[in-house]
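Enquirer: Before I ask anything, here is the structure I am working with.
The values are calculated or read from the model by the stated rules, or taken from the named source; none is laboratory data. Bear in mind that the values here come from a model prediction, so they are computed numbers and not experimental data. Note: ideal-geometry Cβ built from the backbone for every residue, glycine included; neighbour counts use all protein chains shown. Heads up: the accessible areas ignore ligands, DNA and RNA and are worked out on the full protein's heavy atoms, side chains in. Shrake-Rupley method; radii C 1.70, N 1.55, O 1.52, S 1.80 Å.
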Amino acid sequence: MEKRRIPWPGLGTVYDEAEWNAVTAILRRCMDENEGIDVRYVGAEFERTFAVMTGANEAVAVNSCGTALDIATMILNPNPGDEFITTPLTFICTATTVIAQGATVRFADIDEKTWNIDPKSIEACVNGRTRAIYPVHYAGLACDMARILGIAERKGLAVVEDAAHALGTTHQGKPVGGLGDMTAFSFQSMKNMTTLGEGGLLTTNNAEYAKAAREIRSFGFDYSRGTSVRLGTNLRMTLPQAAVGLTQLDKVERLNRRRRELAGLMNEKLAEVDEIQLPLLPNDDQHPVHLYTIYLNERTAGMNRAEFRKLLNEECGVDTRANYNPVYDHEVLRQRGYDGSGTPVADRICRGLVNLPLHPSYTEADVNFIAAGVKQTLAGRFSGTH
């Protein structure tokens, strides 16, 4: 291999003069008006644009995706003993938002091929204490929402989608964001679009849920009545973040399309590598490919994930990540008795997932270099150049 390195991307999107101009315009407005900006304005145009893009009636901008999930759970107002079903293959906040509100997480298993939550396992988890399903669109691939929504309708359950990876994802021709009761999005720095490092948003078709979310994000305040009507705190998105969000929405479709092209090329280059399972890139559902993830079969590869990642980095110059270990591996969940006893597929798959670097600025040569590094690492042929 040629001697070079591909580090993990420091930003999931592309910033240019548009973002600079958006932020400086906000600063200019503050200077010209010589006064503060009404706190009720958190980017109404950004929210309206986002709602249209995701097919939702309402969009409520907040300071993170975790916050959006917190608000959604607060709106559902769980009682102690209520159970919320989700996947072990997720970031910790999908589970802890439920636990923090006094309810219990019930982990369903994942599908062998999609790595998303398995509707059959969801159905097996439902009991008289179940209140809601929290599906997670891992890496941007849509869950089987038709089946999940069908289960929810039959059982009288709420559906809150964790779409932290899934801006631009569609399911059966409909964009994620207007499918479940509520959907949480992330604009953290590594996501396909970002708002200055942090940011999130909650979409819904339920006007009462949207009203409650707006109150919770601003100290429970009902501005029409001039009083706080519920418990809340300051969870608002800033104006510069919303301005950057608007510029990002203008380019996210183009950047997602480039991600899909590069991921398709990577799949082609790695198609004959028997030691790994490649991500599904369906033709019928748009997939923004937030993460390009492979599954390493330790038995056939002759090495575990840590060894593979170390060799790929040190010998071939390709940096990787491992998102995620099973969420119940976190100490805070282990302390509460959570484990993988009911999710054998997730317990196995999660421990073999490797995220290869992918960014819309990459070239075909970059993809070729990464794929060659994977092949070389698995073959054990090293030249000593790294």
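Enquirer: With respect to R28, is the statement that it is surrounded by fewer than 16 Cβ atoms within 10 Å (Cβ to Cβ), over 18 Å from F185 (Cα atoms) and of a type in the set (K, R) true? Step through it out loud before you land on a result.
Expert: Details: surrounded by fewer than 16 Cβ atoms within 10 Å (Cβ to Cβ): yes; over 18 Å from F185 (Cα atoms): yes; of a type in the set (K, R): yes.
Against the criterion (surrounded by fewer than 16 Cβ atoms within 10 Å (Cβ to Cβ), over 18 Å from F185 (Cα atoms) and of a type in the set (K, R)), R28 qualifies.
Enquirer: For segment 51-108, how many residues are outside any loop (DSSP other than H, G, I, E, B), among the β-branched types (V, I, T) and over 16 Å from A132 (Cα atoms)?
Expert: Adding up the residues that qualify gives 5.
Enquirer: A132 - would you say it is small (G, A, S) and under 30 Å from A243 (Cβ atoms)?
Expert: no
Enquirer: Would you pick out the residues in segment 200-221 that are among the aromatic types (F, W, Y) and closer than 17 Å to C65 by Cβ?
Expert: Of everything in segment 200-221, just one residue is among the aromatic types (F, W, Y) and closer than 17 Å to C65 by Cβ, namely Y209.
Enquirer: Counting only residues that are within 30 Å of D118 (Cα to Cα) and either modelled with pLDDT under 95 or open to solvent by 60 Å² or more (accessible area, probe 1.4 Å) (or both), how many does segment 347-386 have?
Expert: Within segment 347-386, residues that are within 30 Å of D118 (Cα to Cα) and either modelled with pLDDT under 95 or open to solvent by 60 Å² or more (accessible area, probe 1.4 Å) (or both) number 2.
Enquirer: If I ask for residues that are in a strand (DSSP E or B), open to solvent by less than 20 Å² (accessible area, probe 1.4 Å), in contact with a helix residue (DSSP H, G or I) (Cβ under 7 Å, 6 or more places away or on another chain) and not aliphatic (A, V, I, L, M), which ones from segment 172-220 would you list? It would help to see each step written out before you state the result.
Expert: Taking segment 172-220 first, the residues in a strand (DSSP E or B) are 174-175, 182-186, 199-204, 218.
Among the residues that remain, those that are also open to solvent by less than 20 Å² (accessible area, probe 1.4 Å) are: 182-186, 199-204, 218.
From what's left, in contact with a helix residue (DSSP H, G or I) (Cβ under 7 Å, 6 or more places away or on another chain): 182, 184-186, 199-204.
Those that are in a strand (DSSP E or B), open to solvent by less than 20 Å² (accessible area, probe 1.4 Å), in contact with a helix residue (DSSP H, G or I) (Cβ under 7 Å, 6 or more places away or on another chain) and not aliphatic (A, V, I, L, M): F185, S186, G199, G200, T203, T204.
Enquirer: Also, quick follow-up: Take the residues in segment 94-113 that are open to solvent by 30 Å² or more (accessible area, probe 1.4 Å) and under 18 Å from the mean Cα position of the chain (by Cα), then tell me which one is nearest to T293 (Cα to Cα).
Expert: D111
Enquirer: Only one of (1) farther than 20 Å from T114 by Cα; (2) assigned to a strand (DSSP E or B) fails for R154. Which number is that?
Expert: (2)
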